[in-house]
Structures are given as structure tokens and as C-alpha cells.
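A short worksheet on the structure shown next.
The values are calculated or read from the model by the stated rules, or taken from the named source; none is laboratory data. All of these numbers come straight from a predicted model, not from anything done at the bench. Cβ placement follows ideal geometry from the backbone for every residue including glycine, while neighbour counts extend to all protein chains displayed. To get the accessible areas, we keep the full protein, side chains included, count just its heavy atoms, and leave off ligands, DNA and RNA. Shrake-Rupley method; radii C 1.70, N 1.55, O 1.52, S 1.80 Å.
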Amino acid sequence: MANLKKRSREETSTKENAGVAANKKRKTPTVKPNTSTKKEKPKPHSKKFTVDKLKKQPKPVKLSSKESHAKAKSLRIERRQKDCSHYDVTVEIKKLWEDLRRQDMSKDKRMQLCDKIMTLVRGKERDFVFAHDTTRIFQCLCKYAPAVLRSELFSSLKESVLEMTKSKYSVFFVRSLLRRGTKEEKHFIIGKLMENARRLLTHKTAGPVVEYAYNEYANSQQRLSFSRQFYGPSFMLVSTAKDQPLSEVLNLQPEKKPFILKYMRETLESIIHKDALSYTFVHNLLFEYLTHSDDTDRQALAECLQEHVPHIVHTREGAKAGMYVVWYSSAKGRKLIIKQIKPYIEKLLVEEYGHMLLYAIFDTVDDTKLVSKLIVSTIIEKMQVLVDDKYGRHVLHYLLSARDPQCVNKEIRDFLSIGDANPFSKKDSDIRRKELRDEISSACLAYAAEHLDKLMSNGSLKMLLFSILKHASGDQSPLLSRIVTLFDSPYSETASTHVLNDKAMRFCIRKLIQNDTTGSVTDQFVDGIKSSHLSTYCQYEQGCYLVLTLLNSSISDQGKTTLVKLLRKHKDAISKLANSTLKESMLNFI
């Protein structure tokens, strides 16, 4: 056993020695040192290559400020010469234009400059009128050139009127032609605009020009022809050559009414979606459609217009169209309308036509709390502004007296009556008006008591004072006390400062006394007229008329007895009155 282990160890040792000898016999590769003196060429993408390349490039010559500006100018001129085929002519006419527009230029010199410019641009007018700089030269020519040159310029560009109307720059030249052109030139331009009115209406640049021509230069016949483009082919077939208005055509041909109104509705819906509601002729179309359509169609269009009401109420027809929208909107729609006009309420209160929209809201919106919160509160806050403004006073009159004939004219009253039959107002109109009147009354009475002298300064303000006294609810005693003190002075026809010598104030006081059903106002006047001053009232007709008005009013028995006793002391003065009828009436009470 021991011999076997010894033999195994010897065999293992022999194998290891044989492996070492084999490794020694193999040839291992040797690395030769780089002894060459030639430098290795760097690769193109290396950092060293980039730096060496830049070092070899020559440094740019640094120019002075003057030289750099001159170089930039020369490059700019070269670029413009490539872009503009008439660059030299453009430079020349711009130099002439600088002299032409000077205010101190003589008329003869200006005519010479116009001739020179026309000579240079003749035959190339279209190339210059659409450019942003040279179109201003054409506007100047339209202003200063003689009629012959202006007509020549118009003749060369008349076929491009529609294209110029759509151009960002030449549109101002079209405006100049409308402003300074001859009657025939204006007629030609307006005719072109009318023929393409529906297409131009929604164009960003052309739309305002159409509006400008319609409002400022189109006559009634042209405006009627202009509107005809929006009535559809059915209207064209039934309308005669003398351009009948829509109302006459619908009366003569009622069977065509559905087709005409359908075409108008489609056109108006397209205009609404494209936000082109700021134009006057669009307001006219809206009003015409709402006037002739039935309740169902009115409600459909009103729903589309609820968010756009603030944009259409600045013209007469637009305000009336806005009132239709209020009348034929649901309670939810009316709430939306009020919220839409909230930022513009201060402006609407003093607008010539916009304030009428508030009439429709006061008449139809059942939620008087909302109206008070968003509108009446603004009126109270801006009371001073409204009193000083003509249309602001109309709003105050309407809140106090609603459709009182003394405050609202018949035309507006008749139009407002259309909204009384709307299908969405449920609350009784008298209750609605009383709630709004109660909201505004205290503020009006407080303002009148504080600014009585101002309210008596002119006739329109005195009428407002009369409305406050006649219709405002609440405690009027502070205001009446101040008015009564005005009579606490001797009366004379020559005393210009006395209240009875003011015609408007006499009217207000007499109406106030006549409308006093309780006798409280009359008794205050009796107490205010002192016995020492009554003799002066009895000497003159105006004083006697006031006393007679008090006696014929709802005066209390005690007040009447007191007044008659005072009058008996001045029977002789009454007997000397020249007016026999007045004298007899006064003596009958004594």
C-alpha cells in the first residue's frame, strides 16, 4: 500500500516537469520599440485636428461702426432690389412724398410733386398700392392731387377695389377714396361692396370697410339694396325693381316668408359663430328677423345671442334686438344675459340706446333680487353720474315711474308693450316694479334731500325731483321739510329767486299736491306758509293759484279750517285781483 502511494506521487511530479519544459520551447511574441522620427498624423475628428485647423485660418478684419453700418445698408439695398422690381422708382417717389406731405408746402409746388409721382407710377399702380410703404403715397395723392389725377388713379385701380378692400395696407386707400372721391366713384365702390357683402362681412380687414361705407356714405336706397343680399333668392324673385323693404314684400307675398326667414336665420347663425356682430347692418338684420319671425324662431335665435348681447346694444336696432333676446330667453338665459352685461352696466346706464336694454330687464326678469344685486346696486353707487346724464335720468325715471307718459315717450312705450306677452315671465308686473322701486327709493330720497338746490337748477332735474316725490316709497318727510322751507319767505312777482316764479317748480308742486291722496304733503305746505307771508301770496295770481290748489286737494279738515281763517284776514287783497275767475273761486271758500 505504501509502495502504491509513493509510485503515484512520482508520476504526478513527472507530468508537472514535462509541462514546464513544453512552455519553455514556445516562442513568445516580442514588441519592438518605436524608433521612427516621423510624427503620427492626427485623425480628422480629434480635438487636436480642430484646434490646428482654426489656427491656420486668417483672423477677420474688425470694421469700424461706420463701416459696418455702410456694409449692412448695402446688403439691405441689394436684398430689396432682388425682392422689389421697382426699387429705384420706389425710392424716388418716397423722396417726393416726403415733400408732398409737408404742411408748409405751397399749392403750386404740391401740384408739381403730384404730377411727378403720377408720371413715375403710371402703368404700375397695382404694384405700388398693395405695398405697406407706397400705399401711403397713394393716400396722399388722393388727398392733395387735383381731380384729374385722382380720377386717373381711380380708373387704373377700380377693378381691384375688392382685392384692395381685403389687403392689410391698401384698405386705407379705399377709405380715402370713399372720403374724398367723387359721387360716381363712391357709388362704384359701394356697389362693389354691396354685391359681395355676405363674403366680405366676415373678413377681418374688409368687414370694417363695409361698415364704414354703410354708415357714412350709403344713402337709404343703397342701404336697402345692401340688406337685400341677406334675404336670399326668394326675396330677389318677388321683389320689384324699386327695392321694396322686407316688410312690404312679406305683406305682398306671405307665402315666401318661411323661405326668406330661413335664409336669414342661416346667415345670421353663421355671422354669430364667426363673431361678426359689431356691425350696424348686422344689428339691422337681427332686428328685422326678430320682428317678422314667430315665437319659436325668436327663442331659437335668442338662445344663440345670449352671450353676445353686450356687443349689439350700442345702436338703435341693436338695442331693440337685445330687448327681444331678453324677452324670449328663459329664466336661466336671462340670468346669463345679466351676468354678461355686468362689466358694462356703468356704460349702459348712460348710453343713448344701451340703456333701453335695462328697461326690458326691469320689465321681465322675475328674479328681482338678482337685478337689485347686479344692476340696482350699481345705480345707487353711481347716482351722481346718472343724475348729471340725460340717459341716466331716464333709467331713474323708469325705475320710479315705469311707463309714465310724462317720462317715457309713446314710441318706446309701444315697443316695450311687445315684451309683455313673452312666455317666460310669471310674476305680476306690478309686484315686480314695486320690488325694484322699493330698492331704489331710499337712495333717491336721500340724494334729493341732500342736493335739493341742484335738482331745482333746471327743468329736467326738476322733473326727476317730481318723479321722486310722486313715486318713491318710504319716508319723504326730510325732503318735504326742505321743500316747505322754500315757501317761508314773502312772495313777489319781481322776486326771481322765489320758488313760485319758476314755471317748472310750480308745475311740480301743484302736481305733487294734486296727487297727495293722504293729505300729509298738503298739511306740511299749510304749516310752512306762515300767516305773515300769506298776505303777499294773496296779492298775486301765482300765489292765489297755489292757495287754491291747496284748498281743492285732499287737505285735512283741520288744515283747511286753518287756511280759510287766515284767508279771511286778507279778503280785501283777494277782492283786488284782476282775474275775475280766480277771485271768485277764492272768495267762495271764504
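From the Kirkwood radius over Cα pairs of the chain, Stokes-Einstein at 10 °C and 1.306 mPa s returns a whole-number translational diffusion coefficient of 48 µm²/s. Relative to one another, the C-alpha centroids of region 524-575 and region 274-299 are positioned 60 Å apart. For GLU248 and THR296, the FRET efficiency from 1/(1 + (r/R0)^6), where r spans their Cβ atoms and R0 equals 22 Å, is about 0.35. Between SER220 and SER68, the simple spin-label model (points 7 angstrom out along Cα→Cβ) gives 6.9 nm.
Legend: distances between Cα atoms for LYS470/LYS583; LYS166/LYS257; LYS186/LYS256; LYS434/LYS462; LYS462/LYS583; LYS454/LYS511; pairs beyond 27 Å are LYS470/LYS583; LYS166/LYS257; LYS186/LYS256; LYS462/LYS583.
In this rough spin-label picture, where each label sits 7 Å from Cα along the Cβ direction, the ASP388-ILE590 distance is 5.0 nm. For a paramagnetic label modelled at 7 Å from the Cα of ASN409 toward its Cβ, which residues of region 312-351 fall within the zone defined by backbone nitrogen distances under 17 Å? Zone members listed by number: 315-320, 351.
Scalar couplings 3J(HN,Hα) for region 427-438, obtained by applying the Karplus form with A = 6.51, B = -1.76, C = 1.60 to θ = phi - 60°, are 6, 4, 4, 5, 5, 4, 5, 5, 4, 6, 4, 5 Hz; x denotes Gly and Pro.
Which order do you get for SER170, SER220 if you rank them by accessible area with a 1.4 Å probe, largest at the top? Kindly include the intermediate steps, with their values, before the conclusion.
Working: SER170 0, SER220 95 Å².
Most to least solvent-accessible, the answer reads SER220, SER170.
Extending 7 Å from the Cα toward the beta-carbon at both LYS571 and GLN103 defines two label points whose distance is 8.1 nm. The relative contact order of region 396-545, computed from alpha carbon pairs under 8 Å that lie at least 6 residues apart in sequence, is 21 percent.
Across region 149-165, coupling constants 3J(HN,Hα) worked out from phi with the 6.51/-1.76/1.60 Karplus curve, θ = phi - 60°, read 5, 5, 5, 5, 5, 5, 4, 6, 10, 5, 6, 9, 4, 5, 5, 5, 5 Hz, and Gly and Pro carry x.
If you wrap region 91-226 in the convex hull of its Cα atoms and look at it from every side, the mean projected area works out to 8.1 nm². What the Cβ-Cβ distance of ARG265 and ASP430 gives, at R0 = 30 Å and to the nearest 0.05, is a FRET efficiency of 0.25. Over all alpha-carbon pairs in region 526-590, figure out the percentage whose distance exceeds 15 Å. Of all Cα-Cα distances in region 526-590, 42 percent exceed 15 Å.
Using C-alpha pairs below 8 Å separated by at least 6 residues, the relative contact order for region 244-337 is 27 percent.
If I take every Cα pair under 8 Å that is 6 or more residues apart in the chain, average their sequence separation and divide by the length, what percent do I get for the relative contact order? Don't jump to the answer; show the numbers that get you there.
On the way: 549 pairs, mean separation 32.7, N = 590.
Here the relative contact order equals 6 percent.
The length gained by stretching the chain between SER460 and SER278 to full extension, at 0.36 nm per residue less their Cα-Cα distance, is 62.2 nm. Here the 3J(HN,Hα) profile of region 193-205, calculated from phi with Karplus coefficients 6.51, -1.76 and 1.60 at θ = phi - 60°, is 5, 5, 5, 10, 4, 5, 6, 7, 4, 8, 7, 4, 8 Hz, Gly and Pro shown as x.
Under Stokes-Einstein, with the Kirkwood radius over Cα pairs as Rh, the value for region 243-374 at 20 °C and 1.002 mPa s is 141 µm²/s.
Extent of region 199-289 along its three principal axes (Cα atoms, max minus min coordinate, largest first): 37, 29, 19 Å. In this structure ARG506 has an accessible area near 40 Å², from a 1.4 Å probe over the protein heavy atoms. The ratio of the alpha-carbon radius of gyration of region 356-408 to the globular-protein estimate 2.2 N^0.38 Å is 1.10. Computed from the C-alpha gyration tensor, the three semi-axes of the ellipsoid equivalent to region 154-202 are 16, 13, 9 Å, from longest to shortest.
Which entries in LYS320/LYS503; LYS204/LYS342; LYS168/LYS192; LYS369/LYS390 show an alpha-carbon gap greater than 24 Å?
Violating the 24 Å limit, Cα to Cα: LYS320/LYS503; LYS204/LYS342; LYS369/LYS390.
Leaving out ligands, DNA and RNA but keeping every protein chain, what accessible area does CYS140 have, in Å² rounded to the nearest 10, with a 1.4 Å probe? Approximately 10 Å² for this residue.
Which whole number in µm²/s is D for region 311-401 by Stokes-Einstein, with the Kirkwood Rh taken over Cα pairs at 4 °C and 1.567 mPa s? It would help to have the intermediate numbers written out before the result.
Details: Rh = 13.0 Å.
My calculation gives 100 µm²/s for D.
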